[in-house]
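See below for the structure under consideration.
The values are calculated or read from the model by the stated rules, or taken from the named source; none is laboratory data. These numbers were taken from a predicted model, which means no experiment stands behind them. Here the Cβ is made from the backbone with ideal geometry for all residues, glycine too, and neighbour counts use every protein chain on show.
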Amino acid sequence: MIRQTRCPWYWLLLSLLLMVSATPAFALPTLTISSPASDGVFVLRGDQMDGVAGLDLSIGYDSATLANPRVSIGKMVQGMMNAANPGNPIRLAIVGTSGLKGSGVIASVAFDRTGTSPGVVTLVTGTLIDATGKKLAMAQPVIVNPSAVVAADDGGAGTTPIGQEGRGDAVSAGGSPVTTRPLMVGGTVTVPGQETATGQDGAPAKEIVVPAEVQLPAQGVPPVKKRLRTKKAQVEGEEPPLDREENPPPPEQEAPTPPEAPAPPPQVTPPVAITSVLDRFKSFQGERTPANLMTLFGQDAAVYRQIPAVAIADGKTTVTLVITMVTGEATPSFTFSGCTYVSHRRTEAGWEIQARPKRDVVRADVTMLYSGLKQEFPLTVVPRVALVPGKPRPVKESDFQRFLNERGTATRPRFDLNKDGRRDYVDDYIYAANYLVRTGLQAP
């Protein structure tokens, strides 16, 4: 029988087992929020964020200790489309066209502190997606709240700072030494429960107490007695003095005013069906004249407006979409088809979205997702074409009418502007849109 310690396969198998056990598991993306300086500024950091292309985050905080949140985007997500709603909880949406890499600061939130407390963040939840829109699993977010600040006593002498050991002796007003004993207090590290993967139930928040010592009188030692200022005796017939702090005048009896009812949340604007100009050309059954076709470019939808009304799709020109809709408290998300995102901003009336149509497209749209609803905004875009072939002169209405009259045959179409082998409504749409741009006419 061969002993195991002398068999070469035994040591090889043992080394392989050690290597496998020491190999770490696949690291999930992790969000951590903390206040390093305990000054009301909380930093949200992401670790192992490879492949993350979108974040929808909520950050809750204690409104008794923190107020007026101001969100700043970190270097890790600069260049990505982002929007923040500074409520409670704070909503932060970040979307990009490609995934992140590595770790870094996602955002920082600066609060105004109320009182001496450094503030408490109570909740961090979120959803992560990749560049294809697929939801990604993530680890439970970690909240590292700063330790509590201990204020000075009435006599002006502050207590021992947090983190120092209370081994010294305190001297009372009468000069007698008073021994002290440490009391364990301090900040908390809160891990809120959240569903981060399929089949994983949210667990209640776990709290880890980080101890710190504060000086308190030892047991059995009488508390220090303080001298209190006494009042002068009142002379007979003299009006009693008014003590501003201890003896305020009784308030006048007034009828209590009922509390104001909170204002109801604004009703979101329901989505409406908007027919694109291209689809109007497709369904138009009237006589095709320049005047009749010009009326198809009117912007009759009250919920949005395109500036300029007609855009040339040369890959450089941008259009601005002015949206006048109530979308609720949460920031909506936008998707783009036939165009690319440039910028966005919130306005008093709604939103302004700037997009760049792709080269030579005839159909593009922007879709807005808000409060569980979807609204599509078609854009009026066309490629640039020559309206008077071979003649360097301004286009006239007679040229437009000639284009409409000369259609060619099915095998040899005339003025096939989009090069699809057919002369149809798409060619009429392209010519009419270019005619509006070249002549500077306004759509009716």
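Structure above, values below:
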| item | result |
| --- | --- |
| Residue check for V71: of a type outside the set (S, T, Y) and within 21 Å of V52 (Cβ to Cβ) | yes |
| Yes/no for V361 being of a type outside the set (D, E) and either more than 30 Å from the chain's Cα centre (by Cα) or modelled with pLDDT of 95 or more (or both) | yes |
| Residue in the range 7-17 that is crowded, with 19+ Cβ neighbours inside 10 Å and modelled with pLDDT under 90 present | no |
| For F400: the one exception among (1) hydrophobic (A, V, I, L, M, F, W, C); (2) closer than 21 Å to L278 by Cα; (3) not in a helix (DSSP H, G or I) | (3) |
| Any pair with Cβ under 7 angstrom, 6 or more apart, that starts in the range 340-355 at a residue that is within 18 Å of A330 (Cα to Cα) and ends at one that is part of a strand (DSSP E or B) and among the acidic types (D, E) | H344/E352; R345/E352 |
| Residue ID - surrounded by the fewest Cβ atoms within 10 Å (Cβ to Cβ), chosen from residues in the range 98-133 that are charged (D, E, K, R) and part of a strand (DSSP E or B) | D112 |
| Hits in the range 327-370 - residues which are acidic (D, E) and not in a strand (DSSP E or B) | E329, E348, D360 |
| Residue selected from the range 45-97 under the condition charged (D, E, K, R) and assigned to a strand (DSSP E or B), by the criterion surrounded by the fewest Cβ atoms within 10 Å (Cβ to Cβ) | R70 |
| Residue among A273, A309 that is small (G, A, S) and surrounded by 17 or more Cβ atoms within 10 Å (Cβ to Cβ) | A309 |
| Subset tally (residues that are of a type in the set (A, V, I, L, M) and part of a loop (DSSP other than H, G, I, E, B)) for the range 404-424 | 2 |
